[in-house]
1. Collect residues whose amide H, placed 1.01 Å from N in the peptide plane, falls under 5 Å from the amide H of V106; neighbours closer than 5 in sequence don't count.
2. About its Cα centre, what dipole magnitude does the range 131-183 give when the only charges are +1 on Lys and Arg Cβ and -1 on Asp and Glu Cβ, stated in debye to the nearest 20?
3. Among D48, D198, which comes first, then next, by fewest other beta-carbon atoms within 10 Å?
4. Which Cα, out of F137, L180, S90, lies furthest along the positive dipole direction of the range 56-236 (beta carbon charges, K/R +1, D/E -1)?
5. Please list, by residue number, every one of the GluC sites (Glu not before Pro) in the range 107-186 that is coil in DSSP and has at most 16 other beta-carbon atoms within 10 Å.
6. Under the classification rounded if a/c is under 1.5, otherwise prolate if a/b is larger than b/c and oblate if not, where does the range 59-184 fall, given a ≥ b ≥ c as square roots of the Cα gyration tensor eigenvalues?
7. To the nearest 20 debye, what charge dipole does the range 56-236 have about its Cα centre, counting +1 at the Cβ of each Lys and Arg and -1 at the Cβ of each Asp and Glu?
8. Taking amide H positions as placed 1.01 Å from N in the peptide plane, with prolines and chain starts having none, which residues 5 or more places from R179, or on another chain, fall under 5 Å of its amide H?
Amino acid sequence: MTYPVRMRGRREQGRRFARGAGLSLIVCAFTGFVACATNNQLPRHYDDPDHMIEVFETPERDAWAKPDQVVRALMIENDSAVVADIGAGSGYFTRRIALEAPAGKVYAVDVDDKFRTYIERNRESWGTPNIEPHLAFYDDPALPEHAIDLIFMSNTYAFLRNRVPYLTKLREALAPQGRLAVINFKPDAQVPGDAAPDPSYRVPRDTALRELTEAGFVLEREETFLEHQYFLILRVGP
Ligand SMILES: C[S@@+](CC[C@H](N)C(=O)[O-])C[C@H]1O[C@@H](n2cnc3c(N)ncnc32)[C@H](O)[C@@H]1O
């Protein structure tokens, strides 16, 4: 993505955030967020991204998030695959995926510049220069069309507003045989630590699947090895 588009993105995000905050300031039940949520929607910014990087990276998370098993289940067979990690955060999954496609590219898509900078600073020491930090719009991942082999989205779905149009843009970014993998917290899961939002902000599996179907995806496979999350793997429908 080119620099001018990034800048335009930040200005647009800033204006939208200011409008949202002006509408309502309601205390949010999600640890670490700016207190700004309306209509049971997650707020758009973490108030302390540095703290959230510690939360995302806490070693205890590996026991339930099972990142290596998740990445194996993605079955990335082509080492030049092009992947996009939507809401990449600290790169917890991004760097593991990038190791599976050393001759390819992994877009670390996020709306928060702090996370983009963190990944940019660390990608060489992770041994994953093939990660491309990608600052996107709230309502548009701004990915090239029909170019992505795999789109991965962990714990980000609930942040999206106007999800069907957003998911439609993801579908348009996928190459013809491309796949979309979605991991979300189950509404009733008791997740250790601070990584999961309050259950009232979580999106149930059937709601997500209905929205994904509306956006033109079909369920290819479902992995059930995660205790606290559901894990869907989808393809573009006929
Ligand atoms: C709970 S974190 C998940 C981080 C990472 N996927 C993981 O599992 O460790 C959600 C991430 O989504 C990002 N995010 C929120 N809204 C977004 C949007 N509309 N597009 C892309 N990223 C978004 C946040 O900045 C944050 O980094």
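Rule-based calculations on the coordinates, nothing more; no lab input. What you see is a predicted model; the values in this text were computed from it and never measured. Counting neighbours? That spans all protein chains shown, and the Cβs are built from the backbone with ideal geometry, glycine included.
1. Those qualifying (amide H under 5 Å, at least 5 residues apart or on another chain) are V83, I131, E132.
2. On the way: 5 positive and 6 negative charges, 50 e Å.
Computed charge dipole of the range 131-183: roughly 240 debye.
3. Details: D48 15, D198 12.
Fewest to most other Cβ atoms nearby, the residues stand as D198, D48.
4. Checking the options against the dipole of the range 56-236, the answer is L180.
5. Working: sites: E120, E124, E145, E172; in loops: E124, E145.
Qualifying residues, ordered by number: E124, E145.
6. Numbers: a/c = 1.30, a/b = 1.18, b/c = 1.10.
Rounded, because the longest to shortest axis ratio a/c is under 1.5.
7. On the way: 21 positive and 29 negative charges, 29 e Å.
Charge dipole of the range 56-236: 140 debye, to the nearest 20.
8. Amide H neighbours of R179: L150, I151.
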